[in-house]
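The values are calculated or read from the model by the stated rules, or taken from the named source; none is laboratory data. Since the model is a prediction, treat every value here as computed from it, not as a measurement. For neighbour counting, all protein chains shown are included, and Cβ atoms are generated from backbone atoms with ideal geometry for every residue, glycine included. The area values use the complete protein model at the heavy-atom level, side chains included, leaving out ligands, DNA and RNA. Shrake-Rupley method; radii C 1.70, N 1.55, O 1.52, S 1.80 Å.
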Amino acid sequence: MPAATMRVSARDADVVLDVDVVVCGAGPAGMGAALAAARGGATVALVERYGCFGGNLTVAEVGTICGLYLRDGPGSFAPVTGGIAREFARDLLDAGSGLGPYPFKDTAVFLYVPWAAKRLADHLLTETEAAQRITPLLHALVSDVVLDDDTHAIRGVVIASKQGPKVVAARVVIDATGDADVAVAAGTSWAMGDPGLRQFGSMQFVIQHAADDAVLAGGPGALAQAVAAHGAHLSRDGGALIPTFRPGEVLGAMVRVGRHGEPLDGTDLFDLTYGELEGRRLAEEAFAFVREHVDGFADSFLAGTAMQQGVRETRHIVGERTLRAADVVELTHTESDVAVAAWPQEFHVTGRGTEYRFLPDGASYGIPFGALVPQRGAGPRGAGGRVPTNLLVAGRCISAEHGALASCRVMASCMAMGEAAGTAAALACRDGAATDTVDIAAIDVATLRTDLLDHGAVLDS
């Protein structure tokens, strides 16, 4: 039997960058954070484990940006997310690579071409004026942090590379990994719900050579009717076929990935491995069903699956403020809100079905700044259990109850949270320009809100 543990030897790592702000993870939250921090005048390193930016936007090929709109009446929709998220959708729309608002149940989504989103992210993060202050590092997996023994601030983020461990030194760290990887490594308190309170993941797949307009002509009802009549064996009792606007190309959102009826742990190596293999098997099964039972797909073929399964929920921090399920239901807004959301509570939790709990027409709720700030006090690791003073969190690993995360985890809301975190980081660096130590708790939230509003954010209903 192998030893239960082995001691990993310590070694020196080269500091490859020294910046104001390091953003870990380049999904929607990380993209928003990096752009906002750079626009605020900070130098930024953007660390991403894959070979492209975008996360679920591109790597998981979701095909819909959720959370941009609220319904303000039958068939009528209004923007609820502004700033960088709205800019991103507008640029896709102007390029003919997106469409929205596109009605979906009692709300609306923004449809987009994943390839176009990937290239737009490249442009924004490497070719714009703000990008001159951003240094991207792709194929860089965050593996640890370096803590200051005296202040317990994070001095640097350790990344795994083909050349061994490297360090990015920074004054402010933003954890946009989706799984709270940095926060956990830094010793903050965190939580993960048991399988009964955790969302299932998915695996998107790409269909090509479908009949033109087959999906739009049939609408979501065609798939629902086919699944109800013939799809009892599928992993999900519904889903969607999403057009990409390219001739004959459709994204399939019909797969629920689990094991023995329970969701996987998206931070566990063995579960992640199983999920990728099982996700591809289920995608093949779902496509065969579509080709046989849905009009317009008889001559189509399965072109491939996403680079990774789409993970909806893993770890989240314990923050200075926790976004509660009741805040979503009661449509709570406060003077400390730094983003606004209106997506329904969407639960991929039990069986094969998906439960939606919609907000009233015209209604929204706020995401408070405290949900992005790790709670001060005892933590499981570090000098005296102290929590780093220069760490912010954005995206689906913020401090949120399961019922709140079911709504705020979607891409537009994550991008808005990232923009808030990046703006806050730049503000903190400006306010603490004379020192090397930055304390996120010292940020004036009223000033942060003013900065966000000046850049087009939406902060009220």
I need every pair where a residue in the range 263-280 that is touching a residue at least 12 places away in the same chain (Cβ under 8 Å) has its Cβ under 8 Å from the Cβ of a residue that is open to solvent by 40 Å² or more (accessible area, probe 1.4 Å) and part of a helix (DSSP H, G or I), sequence separation at least 6 or different chains.
PRO263/PRO195; LEU264/LEU272; LEU264/TYR274; GLY266/LEU272
Among the candidates ARG86, ARG49, ARG39, ARG71, residue that is touching a helix residue (DSSP H, G or I) at 6+ places or on another chain (Cβ under 6 Å), in contact (Cβ under 8 Å) with a residue 40 or more places away in the chain and open to solvent by 30 Å² or more (accessible area, probe 1.4 Å):
ARG39
Checked against (1) touching a Cys at 6+ places or on another chain (Cβ under 7 Å); (2) more than 23 Å from GLY456 (Cα to Cα); (3) of a type in the set (A, V, I, L, M), VAL109 satisfies every condition except (2)
Only one residue in ALA425, ALA404, ALA457 is closer than 20 Å to VAL146 by Cα and at pLDDT 95 or above, so which one is that?
ALA425
Name every residue in the range 422-451 that is assigned to a helix (DSSP H, G or I), under 14 Å from GLY41 (Cα atoms) and either touching a Pro at 6+ places or on another chain (Cβ under 9 Å) or open to solvent by less than 70 Å² (accessible area, probe 1.4 Å) (or both), in order of residue number.
GLY422, THR423, ALA424, ALA425, ALA426, LEU427, ALA428, CYS429, ASP451
Give me the residue from the range 6-33 that is under 30 Å from VAL62 (Cα atoms) and in a strand (DSSP E or B) and, out of that set, farthest from the chain's Cα centre (by Cα).
VAL21
Apart from one, (1) farther than 21 Å from LEU241 by Cα; (2) part of a strand (DSSP E or B) all hold for ALA85; the odd one out is (2)
Any idea how many residues of the range 1-31 are within 30 Å of GLU129 (Cβ to Cβ), touching a strand residue (DSSP E or B) at 6+ places or on another chain (Cβ under 9 Å) and small (Gly, Ala, Ser)?
4
Reported set for the range 222-254 where residues are among the aliphatic types (A, V, I, L, M) and in a loop (DSSP other than H, G, I, E, B) is ALA232, LEU234, MET254
From the list THR244, THR273, THR314, THR334, which residue is open to solvent by less than 10 Å² (accessible area, probe 1.4 Å) and more than 19 Å from the chain's Cα centre (by Cα)?
THR244
How many residues, within the range 185-199, are open to solvent by 10 Å² or more (accessible area, probe 1.4 Å), part of a loop (DSSP other than H, G, I, E, B) and out of contact with any strand residue (DSSP E or B) (no Cβ under 6 Å at 6 or more places or on another chain)?
4
Any residue that is free of Cβ contacts under 8 Å to residues at least 40 places away in the same chain and within 25 Å of the chain's Cα centre (by Cα) - is there at least one of those in the range 211-225?
no
Looking at (1) in a helix (DSSP H, G or I); (2) open to solvent by less than 20 Å² (accessible area, probe 1.4 Å); (3) touching a residue at least 40 places away in the same chain (Cβ under 8 Å), find the lone condition where LEU92 falls short.
(3)
Any residue in the range 137-150 that's under 14 Å from LEU391 (Cβ atoms) and hydroxyl-bearing (Ser, Thr, Tyr): show its pairings with residues that are assigned to a strand (DSSP E or B) and open to solvent by less than 70 Å² (accessible area, probe 1.4 Å) at Cβ separation under 8 Å, as long as the two are six or more apart or on different chains.
none
Look through ALA226, ALA232, ALA210 and report the one residue that is farther than 28 Å from ARG396 by Cβ and either of a type in the set (Val, Ile, Thr) or open to solvent by 40 Å² or more (accessible area, probe 1.4 Å) (or both).
ALA232
Any idea which residue in the range 398-409 is surrounded by the fewest Cβ atoms within 10 Å (Cβ to Cβ), counting only those that are of a type outside the set (S, T, N, Q) and not in a helix (DSSP H, G or I)?
GLU401
Boolean, ALA283 is in contact (Cβ under 8 Å) with a residue 24 or more places away in the chain and over 25 Å from the mean Cα position of the chain (by Cα):
no
Hits in the range 242-293 - residues which are under 27 Å from VAL113 (Cα atoms) and among the charged types (D, E, K, R)
ARG246, GLU249, ARG256, GLU276, GLU278, ARG280, ARG281, GLU284, GLU285, ARG291, GLU292
Taking the conditions exactly as written (of a type in the set (Val, Ile, Thr), open to solvent by 20 Å² or more (accessible area, probe 1.4 Å) and within 18 Å of the chain's Cα centre (by Cα)), does VAL62 satisfy them or not?
yes
Given the criteria open to solvent by less than 10 Å² (accessible area, probe 1.4 Å) and under 15 Å from PRO368 (Cβ atoms), does ALA412 qualify?
no
All positions within the range 397-445 that are within 12 Å of VAL172 (Cα to Cα) and of a type in the set (Asp, Glu)
ASP436, ASP439
Just to be sure I understand, how many residues within the range 283-338 are within 22 Å of LEU57 (Cβ to Cβ), of a type in the set (Val, Ile, Thr) and either part of a helix (DSSP H, G or I) or touching an Asp or Glu at 6+ places or on another chain (Cβ under 7 Å) (or both)?
1
